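Colleague: Let me give you the structure first, and then I'll get to my questions.
Coordinate-derived values only; no laboratory data. Note that the structure is predicted; figures quoted are calculated from it, not measured. All Cβ positions, even for glycine, are placed from backbone atoms using ideal geometry, and neighbour counts span all protein chains on display.
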Amino acid sequence: MNSKIVFFDTTLRDGEQSPGVSLNIKQKIEIGKAIAELGIDVIEAGFPITSPGDFESVQTIAREVKGATIAALARANQKDIEVAWEAIKPAERPRIHTFIATSDIHLKYKLKKSREEVLELAKQAVSFARSLCPDVEFSAEDATRSNRDFLAQVVLEVVKAGATTINIPDTVGYTIPQEYYDLIKFLIENLKANGYESALKKGDLRISVHCHNDLGLAVANSLSAILAGATQVEGTINGIGERAGNAALEEIIMTLKTRADFFKEKLGYEPLVNINTKKIIPVSQLVSQHTGMLVQPNKAIVGANAFAHESGIHQHGVLCERSTYEIIDPKEIGWTGSAIVLGKHSGRHAISFKLESLGWKLSKEMLDKVFEKYRSEVKDILRKVDDAYLEGIVLDLLLER
Ligand code: KIV
Ligand code: ZN
């Protein structure tokens, strides 16, 4: 059994499709290199047919970013695939990623094609891509709103045509965890029944998942799909992407690591996560800086408050033993440590800890006075209390003497 989870990052393609985001080539290369250093297996560098600029940035990434497979997106037609191949050819390990929608709603209003025509286009695209590149991913766009039997037929036929990774996107963030689990299980069972069990086990054929966050379920759906047997997971750094974004890769990575016990129990093996987690914060900050998309403070893992404690009970707990209120060591993901934030809920332990870390060695009597004054002054303050304010209280008391 190949227990490796393949991480596929589309920050530079789906992520760049976030409203208002436009990255220049230098920024894309910097992000691409940082993502490769994080240990991500596949980096989708862009959609080369869309413009000469996109072509150039994908080609430059293919030349300069080492250590990861470099993928380029192409619609299911010969021209797109040729251009994608031309752009990624110089990569150490290139991948052509071709897609076509399979839902009736897309077929009727967007493609204006029948199911038979779409099936034919999908097969042709995959076999043409395979004639150029040994690594071909096929995506059934809007898979979660597609007819299941038709989707299973498309999946089986593109596998026969040579696709090595089959992606089942939740393009509009519509599915929910149990439903997505059932869909992925159904598709895997169908492939097994058609002779692909061993390829799936060895990891020569992978089912991939790609979730959007319209209902806030992208990460939950991705994890549910992994429990159903998916072995590639797609997403972006900080969860950026079209509309409400894509699944946040850092959340998936840290869930798989933090709850490895649960995944092992359910799957019968521990999913292998080869990620250099200490690079998560640097890469998150780089993406935020280059895209101009701020990370919300309470965002899991990478938000400024993710390891910050404000209330007295929590601060006391964390100062005695970190694991009382933290399930991850923040240093493991590149933070300098937990943050004790002073506010109106903070208690004595936190004030004393903060003052000590600022170099103040106060007597018990003085500390009592500081705490009393602090409590009376900050009880109506709703925002954070900074170090200078706290030191000001100490200085006022010392000068009163
Ligand atoms: O969301 C989606 O369906 C996509 C595909 C192109 C993979 O981004
Ligand atoms: Zn997408």
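Colleague: What lysines sit close enough to Lys361 to cross-link, taking a C-alpha to C-alpha distance under 22 Å and skipping anything fewer than 8 places away on the same chain?
Modeller: Here the lysines satisfying the reach criterion relative to Lys361 are Lys369, Lys373.
Colleague: Which ³J(HN,Hα) values, rounded to whole Hz and listed in residue order, are derived for segment 68-75 from phi using the Karplus coefficients 6.51, -1.76 and 1.60 in 6.51 cos²θ - 1.76 cosθ + 1.60 with θ = phi - 60°, glycine and proline given as x?
Modeller: 10, 6, 10, 10, 10, 8, 8, 5
Colleague: What order do you get for Asp41, Asp54 when you list them from fewest to most C-beta neighbours inside 10 Å?
Modeller: With the sparsest Cβ surroundings first, the list reads Asp41, Asp54.
Colleague: May I pose another question? Lys/Arg Cβ at +1, Asp/Glu Cβ at -1, dipole of the chain taken about the Cα centre: which of Ser352, Gly67, Ser208 is farthest positive-ward?
Modeller: Going by the Cα projections, it comes out as Gly67.
Colleague: Give me the distance between the Cα centres of segment 281-308 and segment 330-401, rounded to whole Å.
Modeller: Centre-to-centre distance over Cα atoms comes out at 26 Å.
Colleague: Taking neighbour counts of Cβ atoms within 10 Å as a proxy for exposure, in what order, fewest first, do Thr258, Thr231, Thr164 appear?
Modeller: Thr258, Thr164, Thr231
Colleague: What is the dipole size for the chain, taken about its Cα centre, with +1 at each Lys and Arg Cβ and -1 at each Asp and Glu Cβ, in debye to the nearest 20?
Modeller: 220
Colleague: If you rank Met1, Met254, Met366 by fewest surrounding Cβ atoms within 10 Å, what's the result?
Modeller: Result, fewest neighbours first: Met1, Met366, Met254.
Colleague: Could you give me the ³J(HN,Hα) list for segment 105-113, computed from phi with Karplus coefficients 6.51, -1.76, 1.60 and θ = phi - 60°, whole Hz, x at Gly and Pro?
Modeller: 3J(HN,Hα) across segment 105-113, in whole Hz: 5, 6, 4, 6, 8, 9, 8, 6, 9.
Colleague: By the gyration tensor of its Cα atoms, with a ≥ b ≥ c the square roots of the eigenvalues, what is the shape of segment 106-194: rounded for a/c under 1.5, prolate for a/b over b/c, or oblate?
Modeller: oblate
Colleague: Please report the net charge: other residues with Cβ closer than 14 Å to the Cβ of Asp368, K and R +1, D and E -1.
Modeller: Taking every other residue near Asp368 into account, the sum is +3.
Colleague: What residue among Ala304, Ala62, Ala218 shows peak mean-square fluctuation when the chain is described by a Gaussian network model with Cα springs under 10 Å?
Modeller: Among Ala304, Ala62, Ala218, the largest GNM mean-square fluctuation belongs to Ala304.
Colleague: Also, quick follow-up: Using DSSP, restrict attention to beta bridges with both residues in segment 1-158 and report what percent are antiparallel, rounded to the nearest 5.
Modeller: Taking every DSSP beta bridge with both residues in segment 1-158, the antiparallel ones total about 0 percent.
Colleague: A 23 angstrom limit on the alpha carbon distance is what I want to check against. Which of Lys28/Lys257; Lys33/Lys279; Lys28/Lys89; Lys113/Lys192; Lys160/Lys192 exceed it?
Modeller: Cα-Cα > 23 Å for Lys28/Lys257; Lys113/Lys192; rest within.
Colleague: Using alpha-carbon positions, what is the distance between the centroids of segment 146-209 and segment 1-54, in Å?
Modeller: 23
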